[in-house]
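Please treat every number below as a calculation from the coordinates, not as lab data. Fair warning: this is a prediction, and the values are worked out from it, not measured in the lab. All Cβ positions, even for glycine, are placed from backbone atoms using ideal geometry, and neighbour counts span all protein chains on display.
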Amino acid sequence: MKKFILHPESVVSNFALRFFAESFLYENDTTLMPLVIDKLKQTKNTGTIHLPYAYNFPQTEETIRELLDLRKSPSNSKNTNMLIQNILYHCEPQLLIPFKETIEQDPVWKKRVEQKNNLAKMNDQELLDVFRVFIEQSTGKYWGEFDAEYGDDIVNELARRSCMDSETVLQKLRNSDPGDSSYEVPYLIQLAGLMKLEAAIPVLCGFLAEEDDLLQSNAEEALVRIGTPEVIVTLKEQYPASEDEFHRQFAASVLGKIKLPASEEAVLALLPEDRYLTSATTLADSLCELGASKALSVVETMMEEGYARELLNLTDSIYAYCVISGRSHPLLSDWKKELAVQERRMVKHEAELNRMFSTKTPIGTHNRLNGTEKTYVSPEKVGRNDPCPCGSGKKHKKCCGA
């Protein structure tokens, strides 16, 4: 699958990036980022590469150096440079020591590195206290009104040390109050995934049925991180009885991201009986993600009979599946033409955005910290579930807002 990151067609390349990113198969693999860098070098319209998938790919000193050089390329769009910078923001501090002078010139990056270093220096009790204070101070605020990434950094450090015992995490999740306005439970769900707490599987599966999309999406990621056959068995048992369309959709997504034979078996068993169009569409997409041998016939039938086009484009999935698996199909050339039109539309959209912001960069955080100009405020707020302004067609939380 790795070699397809370099595939000349963006739909195939992005499918390969997604394969590693959403299944957390990038962990401890330093061979992925060099491929992303090579893809950037080879691509004329870099805006077609879905770089948020690479945010957490492991780095080396060499890849950091190359990304810094790429950021200076005059051929890059403002959006591409912003995404490259976001990749750099996710680097581990110990790798950034040789680049201290560069980091000093970027207030946002400097702050993030300092925060991570400070957390690493704390003893266990200090870290637990910082987490408690963070939860208290963020309670009652809207997403975006507090530093959610700092919360991620705290949870990552808690998981690395295992200084919050698993029983405490489980107890808090089991006793959670749906009306609680704090962010403790979403972050504890994240922690349970990072700690790979198999005992938390039943309660995490339960969170997929909550109305709060933050609980749902965090539970989805946690279950994928745990990634054991027990997750698949539990979801397969719960799925038929669920009357909640979103619960089924999130469960279907988890099955596609856990790359085990049992996942394919579960999806093939559930799809024929699924009467909800959105979750059935997600199951069909999951078959392509899993590289299932029966994906082509099943997905082709769904495309003919109708699916939830507002949710995703199955042409993307089935075309990438065919190319990667080497499967031929009479409609392959038609799908390729359709996707080429889609890509040209996206490139045009990005060019329009670049023209809009060519005279003034609307990056409020940088300007505010430097005191150079008034913070840019978009006339329309972009919610976590809104389409991403970059034009990718994905939700903001899964794209530039990741």
Note to self: For a bin width of 10 Å, list the pair-distance distribution of segment 1-85 built from all Cα-Cα distances, rounded to whole %.
What the structure shows: 18, 56, 25, 0
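Count the net charge of all other residues whose Cβ sits under 12 Å from the Cβ of Lys110, scoring Lys and Arg as +1 and Asp and Glu as -1.
Neighbourhood net charge equals 0.
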Notebook entry, point to check: With no solvent and one point on each alpha carbon, what is the Debye value of log10 I(q)/I(0) for segment 85-191 at q = 0.12, 0.13 Å⁻¹?
Noted result: -0.46, -0.54
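What area, in nm² and to one decimal, does the C-alpha convex hull of segment 208-271 cast on average over all directions? Intermediate results must be reported in sequence, preceding the final value.
Details: hull surface 15.0 nm².
Averaging across all directions leaves 3.7 nm² for the Cα convex hull.
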Check: Between segment 324-354 and segment 275-299, what is the C-alpha centre distance in whole Å?
Finding: 20 Å
Note to self: Just to be sure I understand: with springs between alpha-carbon atoms less than 10 Å apart, which residue in Pro330, Pro34, Pro202 has the highest mean-square fluctuation in the Gaussian network model of the chain?
What the structure shows: Pro330
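Over the chain, what lengths in whole Å, largest first, do the semi-axes of the equivalent ellipsoid take, defined as the square roots of 5 times the eigenvalues of the alpha-carbon gyration tensor? Don't skip to the end; give the middle numbers.
On the way: eigenvalues 208, 174, 77 Å².
They are 32, 30, 20 Å, listed largest first.
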Checklist line | Computed over segment 139-268, Cα set: Rg, Dmax in Å | finding: 14.5, 43
Notebook entry, point to check: Is it possible to state the helix-based mean residue ellipticity at 222 nm for the chain, with each DSSP H run of 4+ residues giving -39500 (n - 2.57), the sum divided by total residues, to the nearest 500 deg cm²/dmol? What is it?
Noted result: -18500 deg cm²/dmol
Margin query: Limiting things to C-alpha atoms, what are the Rg and the maximum Cα-Cα separation (Dmax) for segment 295-360, in angstroms?
Written below: 15.6, 50
Margin query: Can you sort Cys322, Cys163 from fewest to most other Cβ atoms within 10 Å of each residue's own Cβ?
Written below: Cys163, Cys322
Next item on the list: Please order Arg309, Arg18 by the number of other Cβ within 10 Å, starting at the fewest.
Entry: Arg309, Arg18
Note to self: Can you compute log10 of I(q)/I(0) for segment 51-122 with the Debye formula, treating each Cα as one identical point scatterer, at q = 0.22, 0.24, 0.28 Å⁻¹?
What the structure shows: -1.03, -1.21, -1.50
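Could you please rank Ser181, Ser293, Ser253, Ser23, placing first whichever residue has the fewest other Cβ atoms within 10 Å of its Cβ? Please list the in-between numbers first.
Working: Ser181 9, Ser293 12, Ser253 23, Ser23 18.
Least crowded to most crowded, the residues run Ser181, Ser293, Ser23, Ser253.
Hey, what's the Kirkwood Rh for segment 1-149 if you take every pair of different alpha carbons, in angstrom? Could the numbers behind the result be given before it?
On the way: mean 1/r = 0.0589 Å⁻¹.
Every distinct Cα pair counted, the radius reaches 17.0 Å.
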